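Since every read-out is calculated from the coordinates, none of them should be taken as a lab result. These numbers come from a predicted model, not from an experiment. Note that each Cβ is placed from the backbone with ideal geometry, even for glycine, and that neighbours are counted across all protein chains shown.
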Amino acid sequence: SATFSDTDAAPPRSLHLLPVAVNTPAHSGVGDLLSYASSAPLPPGTLVRVPLGAREVLGIVWDAPETPQSLPAGVQPRAIAGVLQGIAPLAPAWRRLVAFAARYYQRALGEVALAALPPQLRDLDPEQLQRRLRRTQAPVPAAGTIKPIAHSAEQSTAIAQIDVHPGPFLLFGSTGSGKTEVYLHCVARALAADPQAQALILVPEINLTPQLEARVRARFAPLYGDAALVGMHSGMTPAQRLKSWLAAHTGAARIVLGTRMAVFASLPHLALIVVDEEHDASYKQQEGARYNARDLALWRGREQGAKVILGSATPSLESWHASRPPSEDDPQGGRYQRLYMPSRIGAGALPRVRILDMGQQPRHSVFAPPLLAAITERVQRGEQCLVLLNRRGFAPVLHCHACGWKSDCPHCSAHQVFHKLDRTLRCHHCGAASRVPRACPSCGNPDIVPIGRGTEQLEEQLARLLRNVVVEPAGRAARVARIDADTTRAKGALEEQLAQVHAGEVDVLVGTQMIAKGHDFRRITLVAAVQPDGALFSSDFRAPERLFALLMQAAGRAGRDAQYTAASEQPAEMWIQTWHPEHPVYATLRRHDWPAFAGQQLAERREAGMPPFAHQALVRADARSQEVAQAFLSAAADAARAAGLPGLDLVHLFPPVPLAVQRVAGVERAQMLLESPSRAALQAFLAAWQGVLHAERPQHKGLVRWLVDVDPQAI
Ligand code: ADP
Ligand code: ZN
Ligand code: ZN
């Protein structure tokens, strides 16, 4: 095995017993630092290789524990196998961030710490690592200047506020109001003020990084060199990730642009954090340590003295509430500074929202006649339309009317979705796929039919409906294209398809939420949501908030180019087909009135004692049967009450219930909701409960696993 320096293999004589964080799944909760012997007193934060069982693994020397960890009598500590030379120890601020995240999200410290490092750091031999380090370039101050941009009055005001206040800030600005320009200006200021300063820019999705990266590069490469900006997201190769990580850690990178994982980047000189589209659910990690990168960014900013700017056109209700201005009843106001930028720059006015009552339309019409007419007109004039349906595939289920058979997934409590192009039935939960049967597998009836519709079907129907439409002035036939997870599986496919849209080769773009976010489509003048109602009646209390945000985002794709829109005979439009035209979501959306919508939602949440007026956690159990899963949760709750755990007086434990999709891949799933008006009480309870859950587990045969989700995004 690789030896990284000349430390002895056997325990040295004069021992320094060092606490080392390693990723040991067996260790959870407390006490997940292991003691290793070293002849030299290595500083905390040093990256080391240590033996663990029969393997040798990467570890991080942690701070000395408050009470020295004494090994049981007669147990010899194993020696540290080697030190990763040439890499400065991870800074105390970074270690505090990791320790906080592990504690807050109820995970092992070593797991969170090691997951925050690039995977290649674990695997490279010393020479390879040294080569990589040598290649990490220090920034070249390339003597360029930035052409100053005349800011709008709203931008200037926001920038001035950010200058004088410590923050954190919630930049509440319409799509196209120039938020990104504000971020970049603040980054420029921070980097200019201190030759070492670093900035972190978080975006919710990989898809959105290339466009922003190009913009950031164009702005800063002339000043600081190309190496001063690095990306950090899961779409990068392990080698690229290591390179970016080293650049950030050594300070060579001045700007890190990445998805949620980048919140853990080692940035010793961090001065500014931007969280773009801060409301986006993608900031929440949905496996392992279920952290929220936005929330960690706020914590990190406070700890490391970095300013934090959250930006959104539809802020999360948490951030909206936290940034409430002081009022008579509430002279303190919220903790964040709220900044307003309602006007669009360079773009046309926000699109006119048209709510189409489907109760007044011919039955069974996918596209109500007025919407189809509007799309046709736009396409004929050479304008682009975007049609949103948040469900991929051709139809969500196949059905036999003769016997009632449905295309159920054999492993999940869900239907297999009908994909017409490759004639498969596919489960979107477990991935199980099969050929579409020629006849009903149950009764042999050859006439099995799709029910409901997905993007594939919409694309097909629209192409048929528009087949005789001629696009002027080109005089060619109208073209319909689709972008969703199915069309973009291949690497580079999304970029290629987006390029076709930008080049005007597509007249109507059909897609899922993937196309609603962020993209700077210049020529789209009409956006339509054909079937958004489902979210109104979801059991998840955040569903209306999500729907509003999604539709607002989608609306933001229309009329982005003022010149283009002005040339049109009609202003940009957002059409919504609904059976519930009076629903408050649509009533406020029509006025683009996020504050009114947020106000209504917050009033309801306050009344019901829900977030942000309460704090939640979910404990989930997966088991061979629903009974076992629920019995485990009930027993753990009973044990907690019997033990009188701290915080319990302020924490409400709801009875266990099955998840909405109860069975996935043959495993039954149940969850228990915990709610408390006090975050501290909930945290104290969860920390104490870990031990109970661990102790309870062996008594439940058939239990597959359990996990805790703190501040869950979906209930
Ligand atoms: P947002 O991030 O709020 O969607 P952007 O920062 O992307 O908005 O700005 C929208 C458009 O307006 C972009 O094309 C951008 O280059 C342009 N823009 C932003 N600020 C200015 C400004 N002060 N002057 C001219 N154009 C601007
Ligand atoms: Zn049948
Ligand atoms: Zn399945």
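So here's what we get for this one:
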{"item": "Residue in region 555-565 that is touching a residue at least 24 places away in the same chain (Cβ under 8 Å), assigned to a loop (DSSP other than H, G, I, E, B), within 21 Å of Val387 (Cβ to Cβ) and in contact with a Phe, Trp or Tyr (Cβ under 6 Å, 6 or more places away or on another chain) present", "result": "yes"}
{"item": "Which listed residue is within 26 Å of the chain's Cα centre (by Cα), farther than 30 Å from Gly333 by Cα and surrounded by fewer than 23 Cβ atoms within 10 Å (Cβ to Cβ), from Ala221, Ala192, Ala247, Ala214", "result": "Ala214"}
{"item": "Count of residues meeting criterion [out of contact with any His (no Cβ under 8 Å at 6 or more places or on another chain), under 17 Å from Asp711 (Cβ atoms) and of a type in the set (Ser, Thr, Tyr)] in region 287-335", "result": "1"}
{"item": "Odd one out for Ala239, checked against (1) surrounded by fewer than 19 Cβ atoms within 10 Å (Cβ to Cβ); (2) of a type in the set (A, V, I, L, M); (3) in contact with a strand residue (DSSP E or B) (Cβ under 9 Å, 6 or more places away or on another chain)", "result": "(3)"}
{"item": "Any pair with Cβ under 6 angstrom, 6 or more apart, that starts in region 409-428 at a residue that is in contact (Cβ under 8 Å) with a residue 40 or more places away in the chain and ends at one that is in a strand (DSSP E or B)", "result": "Cys412/Arg663; Cys412/Val664; Ser413/Val661; Ser413/Gln662; Ser413/Arg663; Ala414/Val661; His419/Arg426"}
{"item": "Residue in region 272-290 that is over 19 Å from Glu545 (Cα atoms), assigned to a helix (DSSP H, G or I) and either in contact (Cβ under 8 Å) with a residue 24 or more places away in the chain or among the aromatic types (Phe, Trp, Tyr) (or both) present", "result": "no"}
{"item": "Selection status of Val366, out of contact with any Pro (no Cβ under 8 Å at 6 or more places or on another chain), aliphatic (A, V, I, L, M) and either under 28 Å from Trp575 (Cβ atoms) or within 16 Å of ligand 3 (Cβ to nearest atom) (or both)", "result": "yes"}
{"item": "Tabulated pairs, region 658-682, first surrounded by fewer than 20 Cβ atoms within 10 Å (Cβ to Cβ), second β-branched (Val, Ile, Thr), C-beta under 6 angstrom, 6+ apart or interchain", "result": "Val667/Val704; Ala681/Val651"}
{"item": "Among residues of region 92-140, those that are within 13 Å of Trp62 (Cβ to Cβ) and out of contact with any Leu (no Cβ under 9 Å at 6 or more places or on another chain), counted", "result": "5"}
{"item": "Top-ranked residue in region 375-408 [being within 14 Å of Glu456 (Cα to Cα), in contact with a strand residue (DSSP E or B) (Cβ under 6 Å, 6 or more places away or on another chain) and touching a residue at least 60 places away in the same chain (Cβ under 8 Å); ranked as farthest from ligand 3 (Cβ to nearest atom)]", "result": "Val387"}
{"item": "Considering residues of region 421-473 that are within 22 Å of Gly534 (Cα to Cα) and in a loop (DSSP other than H, G, I, E, B) only, the residue farthest from the chain's Cα centre (by Cα)", "result": "Gly452"}
{"item": "Output for region 155-179, where each listed residue is closer than 30 Å to Ile524 by Cα and either away from ligand 1 (no atom under 14 Å from the Cβ) or surrounded by fewer than 20 Cβ atoms within 10 Å (Cβ to Cβ) (or both)", "result": "Ser156"}
{"item": "Failed item in (1) among the polar types (S, T, N, Q); (2) more than 26 Å from the chain's Cα centre (by Cα); (3) within 15 Å of Ile309 (Cα to Cα), with Gln198 passing the rest", "result": "(2)"}
